């Protein structure tokens, strides 16, 4: 059997553990895992299956009969990498690699691989490295007990007879401290960029949605930008921002964000908060859904949960956009269009064919017309607290000192104006 030697032959397993109350619907979950694997350029997914278990076995995850059966299948198909869609402990990973003689990656490891393949900005890269190191740290398994793994101490390298595992762990910890410092610097400059952008009189529209919902396709269609848009999970990792002139409306900055995903391992949620920071400063959040996906409701719920955990308030203007109507059957399509017709906050579109985009843009323009406006305020020297509040809100465009205090020009929203009045 001839196959491409430059690509790694992979098999995807989704363990459905009956005793796990958090378990997901197995078939769509497996489909998503295969799509995740396909997001890595040098993988060839040669097979995939759901493995049903009563409960996970402590040392091996699967029962011995299942391990043997899967092992034969992997051998027949010349599989080099097995992706397990779920958490795998370091001990289970080591034992399975030994039994099957293949490399194993669990869901966290796979998502990390994709993230590191996609990260573009300095901050994205640092975040990925930190998440990867924290993950590796938990994978340092005491696999070697024999004495040659002990290093004779020179006194200045971690004391006599330090085991390799302790040395590795310390090296990782030092690396993490170094990355954290670099990240603090980068985040500081990002805050400066944001403050500079607060002086730009353009409202910000953030596109959010489950991974593969079509955000990058819509973004490219609206901005003419060449953001990587493929039918692929996690195609966008770093927020990409472009200026767009709305027909008959204001100019806006459109921000394309990383795709959300269910059961994102906790160590990765922290790593990718940075790529979603743009959403917090947005004047309007546009939630794009793949309405043709069978799990569209669950996906929408995941996105809402993440937005809430990021601290995006409910009173922030939001639109829900149902994308991919071109993939619906004519019956479903009619029903979807009728529902969107009834609800003014829902728009049904196809980012690929352009259908439905004109009314969406005109609604965005309407919402944002009054998003920010300029005002000039006169404050006395005694009103220092009010002045400090304005600077904290990053709304000050210019300031001149007068005999009695300050003349300040601000660019703000009605809500900020009302809060200022109440101070």
**Study point:** Which numbered condition residue 368 fails, given (1) closer than 25 Å to residue 279 by Cβ; (2) out of contact with any helix residue (DSSP H, G or I) (no Cβ under 9 Å at 6 or more places or on another chain); (3) at pLDDT 95 or above
**Key:** (3)
Check your understanding: If you check 332, 326, which single one turns out to be within 32 Å of the chain's Cα centre (by Cα) and closer than 29 Å to residue 253 by Cα?
Key -> 326
Review point. Which condition does residue 237 not pass, out of (1) in contact with a strand residue (DSSP E or B) (Cβ under 9 Å, 6 or more places away or on another chain); (2) in a loop (DSSP other than H, G, I, E, B); (3) at pLDDT below 80, if it passes all the others?
Key: (1)
Review point. Has segment 304-314 got any residue that is surrounded by fewer than 18 Cβ atoms within 10 Å (Cβ to Cβ) and touching a strand residue (DSSP E or B) at 6+ places or on another chain (Cβ under 7 Å)?
Key: no
Practice item. Test each condition in (1) over 12 Å from the mean Cα position of the chain (by Cα); (2) at pLDDT 75 or above; (3) surrounded by fewer than 19 Cβ atoms within 10 Å (Cβ to Cβ); (4) over 17 Å from residue 217 (Cβ atoms) for residue 246 and report the one that comes out false. Key: (3)
Review point. What helices (runs of 4 or more DSSP H) lie completely within segment 314-423 and have 1 or more residues being within 30 Å of residue 213 (Cβ to Cβ)?
Key: 330-342, 357-369, 414-421
Exercise for review: Being buried (at least 17 other Cβ atoms within 10 Å of the Cβ) and within 20 Å of residue 93 (Cβ to Cβ) is the filter here, so list the residues in segment 31-59 that pass it.
Suggested key: 33, 36, 37, 40, 43, 45, 48, 51, 56
Revision key, fill the gap. Going through segment 317-333 in order, the residues found to be out of contact with any strand residue (DSSP E or B) (no Cβ under 6 Å at 6 or more places or on another chain), more than 15 Å from residue 357 (Cα to Cα) and surrounded by fewer than 18 Cβ atoms within 10 Å (Cβ to Cβ) are 327, 329, 330, 331, 332, 333
**Study point:** Segments classed as helices (runs of 4 or more DSSP H), wholly inside segment 1-112, with at least 2 members that are modelled with pLDDT under 90
**Key:** 26-38
Practice item. Please go through segment 298-313 and pick out each residue that is assigned to a helix (DSSP H, G or I), out of contact with any helix residue (DSSP H, G or I) (no Cβ under 9 Å at 6 or more places or on another chain) and either touching a residue at least 40 places away in the same chain (Cβ under 8 Å) or farther than 23 Å from residue 217 by Cα (or both). Key: 299, 300, 302, 303, 305, 308
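The values are calculated or read from the model by the stated rules, or taken from the named source; none is laboratory data. Quick caveat, the model's predicted, so the values are computed rather than measured. Note that each Cβ is placed from the backbone with ideal geometry, even for glycine, and that neighbours are counted across all protein chains shown.
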